[in-house]
Amino acid sequence: MSESKEVILELRDVTSAYGNIEALKGISLKVHKGEIVSIIGANGAGKSTTLMTICNIVPTVKGDIFYQGERINALGSEVLPTMGLCQVPEGRRIFPRLTVTENLEMGAFFRKDQAGIKDDMERAFEFFPKLRERRRQLGGTLSGGEQQMLAIGRAIMSRPKVLLLDEPSMGLAPLIVQQIFKIIEEINSQGVTVLLVEQNANLALQASHRGYVLETGSVVMEDDASALLSNSDIRKAYLGE
Amino acid sequence: MIHEFKKRWVSFGIGLIWLFVILWPLLGIKPEGLEFGTTFALWGKLAVAALCIMIVYELNVRGVFDGAKKAGSAITGSTRKAYAAIPQWLLLLILLALALVFPSMTGRYGHDVACNVLIYVCLGLGLNIVVGLAGLLDLGYIAFYGVGAYTYALLSIHYQLSFWMSLPIAGCLAAIAGCIIGYPTLRMRGDYLAIVTLGFGEIVRLILNNWMELTNGPNGLSGIKRPGVYWLDMTNGWTLEHFWVKKVWMYYYVILFIAICTIIAVYRLNYSRIGRAWEAIREDETAAELMGVNTFLLKLLAYASGAVFAGFAGAFFASRMRFVSPESFTFLESAMVLAMVVLGGMGSIPGVILGALALIALPEVFREFDLYRMLVFGGVMTVMMLVRPKGLWPAKRVGRRSEEMD
Ligand SMILES: Nc1ncnc2c1ncn2[C@@H]1O[C@H](COP(=O)(O)OP(=O)(O)O)[C@@H](O)[C@H]1O
Ligand SMILES: [Mg+2]
């Protein structure tokens with residue numbers, strides 16, 4: 001992506017920790033408006049922590065996080081979705097004992113425009129027709145793939161500008177994973193910037209414009225997705241060659 | 001089939017042996033020496049009872065009762081259909097009418113029990129907000145009841161404030177107490193929360209017990225005023241008459257009024273945005289936060305609003321007993337209210353009401369057993385949780401608002 005594009009989300013030398021254990025050791029990354037950027041890395045590299053730090057669920061120890069030019073380190077987690085920054089957390093974390101519709105409504109919790117919410121519910125059902133069929137079912141009774149769809153649907157109910165996705169492929173059959181990635185690209189084509197965290201590096205990089213490689217809490221490489229895909233070190237380490 | 005049959009009876013035998021092993025130390029070890037007679041007598045009775053149950057079970061497995069069951073399910077099916085056909089407002093109206101004429105159908109004792117049930121309905125519904133909706137375990141809930149009771153007691157004794165004036169103050173102070181306990185526990189979950197709330201309940205009880213100047217310690221406070229009621233008197237023109245609530249049936253109407261207000265308030269909260277947010281917090285706190293729910297404020301609000309209803313109930317309790325002492329606010333009471341919520345069905349308003357009815361009224365029925373009352377009670381609870389783990393009247397979670405979307 002060209003440098004002329006507007007930066008919508010930026011991390012500058014961000015450190016964060018669980019108690020005394022440092023999980024992120026000074027991470028810097030940039031996401032431009034309209035991009036799909038992926039963060040790849042092994043289990044425990046700190047990918048989820050990065051997203052949780054952006055959302056201030058895990059507090060930042062050092063460094064700055066900018067969203068649309070504003071420093072958001074100190075903002076409460078619950079404020080960010082109202083600004084258009086929404087996360088689909090690892091493991092989906094839908095509300096199991098709320099119905100599918102209620103789960104979707106929770107995504108629009110902070111919004112008051114009933115008509116707009118109704119439209120967006122329609123839009124979510126168009127993305128995921130399976131959810132329409134199951135709209136009265138409890139979230140916990142859905143299959144893994146359907147729960148992932150519900151989690152993404154719930155997030156887009158907040159009309160995000162930037163969508164943070166944590167391992168959407170986790171534990172799903174290849175066919176469903178492909179379906180979900182297609183929808184992620186579609187959501188992106190409607191103008192939503194996507195920051196994608198994946199262990200499935202191949203899939204993630206194929207869908208993205210750029211990528212970052214994370215190792216034990218530090219960024220070890222960043223490049224265009226196609227360049228990362230053809231990089232021999234990356235192929236060895238993350239693509240199983 | 002044969003294999004299962006054998007397995008069942010072997011378990012039965014082992015169970016009986018275990019029972020004996022447990023019973024004997026309880027009954028047979030006496031200061032004057034070891035003794036087997038009483039243990040054998042009781043064990044024999046229990047074994048015969050268990051044998052009868054096993055035989056009934058055996059017959060059931062072999063399909064002896066199938067005919068009767070079919071008839072039974074046909075009956076429940078048709079009553080269910082009839083029930084569904086009656087509009088809900090009519091049912092509510094009938095229930096309300098029954099509640100209103102109840103005092104004329106029973107005596108003093110009945111009124112007494114009914115007052116108790118209604119107090120616990122208020123308590124149960126309040127705790128239901130905290131436990132059932134927001135999913136925060138609270139083992140010290142009775143403390144707010146205590147705060148409400150002592151608030152009215154002190155206001156009445158020292159400032160001659162009337163019951164109705166004190167009621168909102170009692171609610172407010174209970175809510176503040178709710179925030180005080182809520183605040184430090186906001187970052188805690190599960191087991192830790194249980195222990196801290198348990199501690200808080202005990203702290204409040206100990207304060208009531210030891211702050212002699214204010215609460216008169218274990219001796220309690222007496223001389224609390226009755227509630228007064230204004231009544232439109234039409235015998236000689238339209239005049240407002242004031243009189244004191246004296247008879248138990250009058251108290252019944254006061255607490256019925258408070259309980260109905262509580263039910264309406266809790267119902268409204270339940271189906272509001274706030275109620276939905278509480279449920280989201282119960283289901284997954286982090287996910288709720290990521291969806292823009294201010295979990296900090298809403299959890300505080302859950303504690304505070306749960307406490308308000310306990311405060312009201314407490315003020316009523318003080319006015320009815322006209323005496324308060326710390327003894328009424330022990331952990332056992334907290335456990336009792338929690339049991340009502342769980343037994344009735346977490347998050348379900350009719351469930352909690354049924355739970356209160358079951359746990360207050362049924363033990364009255366079992367009064368004959370006296371000594372074994374708590375034993376029967378424990379047994380019933382255990383069986384209930386096995387048979388209906390979601391409670392007597394589980395919360396309907398097939399979204400109301402979702403229906404309206406279509
Ligand atoms: N809640 C937690 N408490 C303590 N340490 C944690 C917690 N969550 C993650 N970690 C640690 O932080 C590091 C990064 O974890 P995470 O971000 O989940 O990795 P990834 O998502 O890349 O698999 C790991 O070493 C992990 O053990
Ligand atoms: Mg992860």
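Some observations on this one:
- Helix axis angle, B:66-85 relative to chain B longest principal axis, alpha carbon, degrees: 20 degrees
- By the compact-protein rule of thumb, 2.2 N^0.38 Å, the alpha-carbon radius of gyration of the stretch A:126-183 corresponds to a ratio of 1.09.
- Enclosed volume per residue, in Å³, of the convex hull spanned by Cα atoms of the stretch B:251-320: 72 Å³
- Förster radius 35 Å - calculated FRET efficiency between B:Arg189 and B:Leu26 (Cβ-Cβ, nearest 0.05): 0.40
- With the simple model of a label 7 Å out from the Cα in the direction of the Cβ, B:Ile260 to B:Tyr83 spans 2.4 nm.
- Rolling a 1.4 Å probe over the protein heavy atoms gives the protein assembly as shown an accessible area of 50 Å² per residue.
- Remark: for residue pairs A:Lys130/A:Lys182; A:Lys5/A:Lys161; A:Lys161/B:Lys299; B:Lys6/B:Lys390; B:Lys225/B:Lys246, the C-alpha separation exceeds 21 Å in A:Lys161/B:Lys299; B:Lys6/B:Lys390.
- Residues B:Leu362, B:Leu161, sorted by accessible area with the largest first, give B:Leu362, B:Leu161 [1.4 Å probe; ligands and nucleic acids excluded].
- Counting only the Cα atoms, the stretch A:139-241 fills a convex hull of 116 Å³ per residue.
- With every protein chain in place, the protein assembly as shown: carbon and sulfur % of accessible area (1.4 Å): 64 percent
- When the accessible areas of B alone and A alone are added and the area of the pair subtracted, with a 1.4 Å probe, the result is around 2700 Å², both sides summed.
- Of A:Leu51, A:Leu138, A:Leu214, the residue with the greatest mean-square motion in the GNM of chain A, using alpha carbon springs below 10 Å, is A:Leu138.
- Between the stretch B:46-92 and the stretch A:54-132, the Cα center-to-center distance that results, in Å: 47 Å
- Along its first, second and third principal axes, ordered by size, the stretch A:1-40 spans 39, 18, 11 Å in Cα coordinates.
- Computed over the stretch B:72-128, the Cα gyration tensor eigenvalues convert (square root of 5λ each) into semi-axes of 28, 16, 13 Å, ordered from largest to smallest.
- Between A:Val220 and A:Thr141, the simple label model (points 7 Å from Cα in the Cβ direction) yields a spacing of 4.6 nm.
- Cα-Cα separations in the stretch B:188-265 greater than 20 Å, expressed as whole percent: 65 percent
- Of all DSSP beta bridges confined to the stretch A:7-238, the antiparallel ones make up roughly 55%.
- Protein-only accessible surface order, largest first, of A:His209, B:His111 at 1.4 Å: A:His209, B:His111
- Ordered from largest to smallest accessible area (heavy atoms of protein chains, 1.4 Å probe), the residues B:Thr151, B:Thr330 come out as B:Thr330, B:Thr151.
- 10 Å binning of all Cα-Cα separations within chain B, expressed as whole percents from 0 upward: 4, 17, 25, 23, 18, 10, 2, 0, 0
- Shown here is the pair-distance distribution of chain A: with all Cα-Cα distances grouped in 5 Å bins from zero up to the longest one, the shares run 1, 7, 14, 18, 20, 17, 12, 7, 3, 0, 0 percent.
- Estimated distance in nm for a label pair at A:Thr82 and A:Leu239, the labels positioned 7 Å out from Cα along Cα-to-Cβ: 4.5 nm
- The distance from the alpha carbon centre of the stretch A:161-215 to that of the stretch B:1-30 is 59 Å, rounded to a whole number.
- Estimated translational diffusion coefficient (Stokes-Einstein, Kirkwood radius over Cα pairs, 37 °C, 0.692 mPa s) of the stretch B:1-131: 156 µm² per second.
- Cα-based Rg and Dmax for the protein assembly as shown, where Dmax is the largest Cα-Cα distance (Å): 30.7, 102
- Per residue, the convex hull spanned by the Cα atoms of the stretch B:2-69 amounts to 82 cubic angstrom.
- Positive-end ranking of B:Ala68, B:Leu118, B:Leu300 along the dipole of the protein assembly as shown, with charges on Cβ about the Cα centre, is headed by B:Ala68.
- Note on chain A: with a GNM built from Cα contacts shorter than 10 Å, the maximum mean-square fluctuation among A:Ala201, A:Ala108, A:Ala17 falls on A:Ala17.
- Relative to the 2.2 N^0.38 Å rule of thumb, the stretch B:86-243 has a C-alpha radius of gyration ratio of 1.31.
The values are calculated or read from the model by the stated rules, or taken from the named source; none is laboratory data. No experiment lies behind these values; they were computed from the predicted model shown. We place every Cβ from the backbone using ideal geometry, glycine too, and count neighbours over all the protein chains shown. We work out accessible area using only protein heavy atoms, side chains counted, and drop any ligands, DNA or RNA first. Shrake-Rupley method; radii C 1.70, N 1.55, O 1.52, S 1.80 Å.
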